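Q: Could you have a look at this structure, given as structure tokens, before my questions?
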Amino acid sequence: MMRTALVLDADSPAGLEALQSLGRKGLATHAASPDDCLAFRSRRVSRRWKQPISEPTAFLRWLRDLDAEHAYALIVPSTERSLRMLLSLPDDDALVAKAVLAPRASLETALDKWATAELALSCGVPALPTRLLASLSDLAGARSFPVVLKTLRSVVDIDGELTHVPARLARDAEERQRFCELFLPHTPVIEQTYERGHGVGIELLYDRGRRIWHFCHERLHEGTGQEGLGSGSLYRRSAVAPPDLLHYATAMLDRLSWHGVAMVEFLVAPTGESWLMEINPRLWGSVALPIDAGVDFPAGLLLLKEKLGRLSPAAVAVACWATAAAAWAYAVSRPRGGARPGRPAMIIAAASGVLDTFANLAVLLAVRHGSLAVVAVIVALYPGSTVLLARLTLGERLSRSQAAGLGGAAAAVVLLALAS
């Protein structure tokens, strides 16, 4: 029976990328969105649903009925809009498991910018000077400008409608006053010191408190909004994760006993100094970048849901040795019409089994503890070893295109090693 995945908020860039990713993995994909959207036109989408945007009770009733009918293997809340609806569920709820979510308390911390700042302080992670504004009276007192203003959560309930509120740069007290008058009736506001720099995102996949994948991007353009605030990045590239930023991101998510995906974003000044910006506890808008680089986070969620991402080194070793033992038993049993292999052949076969075991263990450890952006590229080059062995042992000749391909692959490995 074909597995089916439901992607919520399919009208978002993250939702569209999740549908494409899971469809390529052979899953039947259902797309849900409050309105008609581009994802509904995708050839990879088999069913389309109108997603309720009302209060959580009606949304969860709709989601449970849909899951009862289709028995989804995975549910992807692509934006904070649907993620907030799921927060009302207990951690042991079946829908939480299918959505591969971190514990509720951890999600609340990540979504709350003030709680995130306090978490950073407790973990020794540098953060910009921040203060909480709960009422207009908190605006009293001189403060240098400009400052960055953010609502406590990125998505705010305004008169029953969930509204995304971008960060705002206030150049003077009057601009700050206007922003606070607009949003303080609905939510507290965070005020931060403004610093120039570019964004660096550490993207991670966690398995119940243990980091298993990471990827890094840096912004090359901060967008078209006010001083690049609130409008998102228009141009990003993959990068080797700076050790200090990877350490900071890991420290915070370890403290939260994280599970699933998260993107921890930092601001890096021209001087190299860095500060925490936020924790994004869901798929992010630029998730296409790691997917195209071989770090498929939507597929990683499926691996976690099906518990395939929890293979231990011992399990890998047992699987490899079991395969080798079966091949050995077949060889020595002298199948009808066949000759028993000679001693040299048996030694080579045994050595191959040992090397295969260690190779699989090395890949597993590299995926868990290294940069998957690098590991995925190197592992994908394994057919090159087959071509080289054929040349060395069988005397097969390489065509010019094959030789050029091997040369390019070797150069890529060297460049990756230097970049690391």
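Q: Determine, yes or no, whether L136 is surrounded by fewer than 16 Cβ atoms within 10 Å (Cβ to Cβ) and in contact (Cβ under 8 Å) with a residue 40 or more places away in the chain.
A: Spelling it out, L136 is indeed surrounded by fewer than 16 Cβ atoms within 10 Å (Cβ to Cβ) and in contact (Cβ under 8 Å) with a residue 40 or more places away in the chain.
Q: Just checking, which of A390, A350, A409, A325 is modelled with pLDDT of 80 or more, surrounded by 11 or more Cβ atoms within 10 Å (Cβ to Cβ), outside the structural domain of T29 (by TED's automatic domain parsing) and more than 30 Å from V100 (Cβ to Cβ)?
A: A390
Q: Please enumerate the residues belonging to the range 147-159 that are under 13 Å from R171 (Cα atoms) and either surrounded by fewer than 13 Cβ atoms within 10 Å (Cβ to Cβ) or free of Cβ contacts under 8 Å to residues at least 60 places away in the same chain (or both).
A: Those that are under 13 Å from R171 (Cα atoms) and either surrounded by fewer than 13 Cβ atoms within 10 Å (Cβ to Cβ) or free of Cβ contacts under 8 Å to residues at least 60 places away in the same chain (or both): V147, L149.
Q: Among all residue pairs at least 6 apart or on different chains, which show Cβ distances below 6 Å where the first residue, located in the range 161-185, is within 30 Å of P56 (Cβ to Cβ) and without any contact (Cβ under 8 Å) to a residue 40 or more places away in the chain and the second is basic (K, R) and in a strand (DSSP E or B)?
A: F179/R168
Q: Name the residue that is nearest to the chain's Cα centre (by Cα), counting only residues in the range 123-149 that are closer than 9 Å to T193 by Cβ and hydrophobic (A, V, I, L, M, F, W, C).
A: L128
Q: Restricted to the range 189-211, and to residues that are of a type in the set (K, R) and over 12 Å from the mean Cα position of the chain (by Cα), which residue is nearest to A251 (Cα to Cα)?
A: Filtering first and then ranking leaves R210.
Q: Which helices (runs of 4 or more DSSP H) does the range 1-107 wholly contain that include 2 or more residues that are free of Cβ contacts under 8 Å to residues at least 60 places away in the same chain and crowded, with 20+ Cβ neighbours inside 10 Å?
A: Because the criterion is at least 2 residues that are free of Cβ contacts under 8 Å to residues at least 60 places away in the same chain and crowded, with 20+ Cβ neighbours inside 10 Å, the helices (runs of 4 or more DSSP H) in the range 1-107 that meet it are 13-24, 56-70, 80-86.
The values are calculated or read from the model by the stated rules, or taken from the named source; none is laboratory data. It should be emphasised that the depicted structure is a prediction, and the values quoted were computed from it without experimental measurement. Reconstructed Cβ throughout: ideal geometry from the backbone, glycine too, with neighbour counts over all protein chains shown.
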